[in-house]
Each structure stands twice: as structure tokens, then as C-alpha cells.
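The values are calculated or read from the model by the stated rules, or taken from the named source; none is laboratory data. The model shown is predicted, which means the values in this text are computed figures rather than measured ones. Here the Cβ is made from the backbone with ideal geometry for all residues, glycine too, and neighbour counts use every protein chain on show. In case anyone asks, the SASA skips ligands and DNA or RNA and just uses the protein heavy atoms, side chains included. Shrake-Rupley method; radii C 1.70, N 1.55, O 1.52, S 1.80 Å.
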Amino acid sequence: MKCMEIGIIVALLAILLAVWLISVQRRLVVLDENIKNAMSQIGVQLSSWYDATLALLELTEAYDAAMGEKADRLRAERGMVTAESDPAQAAGQEQLLSEIRQVLQAIAEQYPKVQEEPGYRKYLNAAESYEKMLHTSGLIYNDTVSKYNGTIRLFSVNVAARLLHFHKKAYLEMG
């Protein structure tokens, strides 16, 4: 009889362990999906900012021949940031757009007539708006990563995270 009781206790413990492991796995999957959704949103903001910046570059080509080259560079270096992208990739795209924004500001100062071009103000406002939204999306991403990283650092969750191959995520560093 003792052997049967021990067997039942072991079976119950195994069931409890399995239920706990499944609940931790589900929690980590939800947190991981939130990170992917946040990165996907960053990709949307970057894509919109690209489009507005490209339109500005095309408007300024008539004032400065180098703008055509910059537009070509922007098209060539445009990367798609998706849910699976890493933070360094997104930061690199943001850096490229920031550099081009500075060039556009210099052109607008050098050639004030460019600001009178139809659509210039509209595209400039759109680019600035997407840049601000990107900043907000970056904050959301980092907050989500912080929650995930904090969760996998908890002792009991840490053991399950290692067993289930959940690893610490990198933060997004944007300018």
C-alpha cells in the first residue's frame, strides 16, 4: 500500500509540475508576442517616416542635385523592420532617417524657396509626426522588453525559461 501511495504522490507532483511549466510557457509566449507586436509597430512608423522623407527628398532635387543621390541612397538602404527584426536593425534605420533629416534642414535653410514648394509642409509635418510616433513606439517596446526580461529573471520562471529556450531580449537604443 505504501508503494501505491508514493506512486500517487509522485504522479500528482508530476502533474503539478507539468501544469506549472505550461502556465509559465504561456505567460512567456504572451510577453514574447507583445515584444514582436511592439517591434512590428516600430516597423510601421519607420516605413511611414521613410515615405515622407523620400517625398521631401524628391521635392528638393530641383534645388540641390545631391538630393537625388540621397534619395537613391535612401531607397537602397531602406530595410524592412518586422516583428522578427532586432533592435539594432531598427536603430540603424532610425539613424539613417535622422541623418537625412539634417541634410533636408540644411537645404531648406540654404534654399528658402524649397519651403514654398507644394506639399513641402505636408511632407515635413508627416515626417516629424512619424518620428515622434517612432519615439513613442520605442518607449513601448523597451517597456515590454523590460517586463519580459524581469519575468525571466524570477527564480522559478528562470528555470522554466531556460528549459523552454526563452532568453533575455535586447533593448532598443534610438537617438
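Please report how far the C-alpha centroid of segment 142-174 lies from that of segment 31-108, rounded to the nearest whole angstrom.
One Cα centre to the other: 29 Å.
Roughly what angle does helix 120-153 make with the longest principal axis of the chain, taking Cα atoms, 0 to 90 degrees, to the nearest 10?
Tilt of helix 120-153: around 20 degrees.
Treat each spin label as a single point 7 Å out from the Cα along the C-beta direction, and report the E109 to R26 distance in nm.
That separation, rounded to one decimal, is 5.8 nm.
Between (i) 13.0; (ii) 11.4; (iii) 12.2, which matches mean projected area of the Cα convex hull in nm² calculated for the structure shown?
(ii)
Relative to the longest principal axis of the C-alpha atoms of the chain, give the angle of the C-alpha long axis of helix 2-60, reported between 0 and 90° and rounded to the nearest 10°.
The two axes meet at around 0 degrees.
Below 8 Å between Cα atoms, with a sequence gap of 6+, how large is the relative contact order for the chain in percent?
Values: 161 pairs, mean separation 58.7, N = 175.
The normalised contact order for the chain reaches 34 percent.
Rounded to the nearest 500, what is the chain's calculated 222 nm mean residue ellipticity when only DSSP H runs of at least 4 contribute -39500 (n - 2.57) each, over all residues? Provide the component values of the computation, followed by the final result.
Numbers: 5 runs with 138 residues, N = 175.
Using -39500 (n - 2.57) per qualifying helix, the result is -28000 deg cm²/dmol.
Carbon and sulfur: what percent of segment 1-55's accessible surface (1.4 Å probe)? Working shown, then result.
Numbers: 2470 of 3420 Å².
Reported share for carbon and sulfur atoms: 72 percent.
If the cut-off is 19 Å between C-alpha atoms, which lysines fall inside it for K122, apart from same-chain ones fewer than 8 positions away?
K113, K132
What is the spin-label model distance, in nm, from M80 to S98 if the labels are put 7 Å beyond Cα along the C-beta direction?
Here the modelled spin labels are 2.6 nm apart.
Compute the acute angle (0 to 90°) between the alpha-carbon long axis of helix 66-77 and the principal axis of greatest extent of the alpha-carbon atoms of the chain; round to the nearest 10°.
For helix 66-77, the angle is close to 20 degrees.
How much accessible area per residue does the chain have, in Å², with a 1.4 Å probe? Show your work: numbers first, answer last.
Values: 10690 Å² over 175 residues.
Heavy-atom SASA per residue in the chain reads 61 Å².
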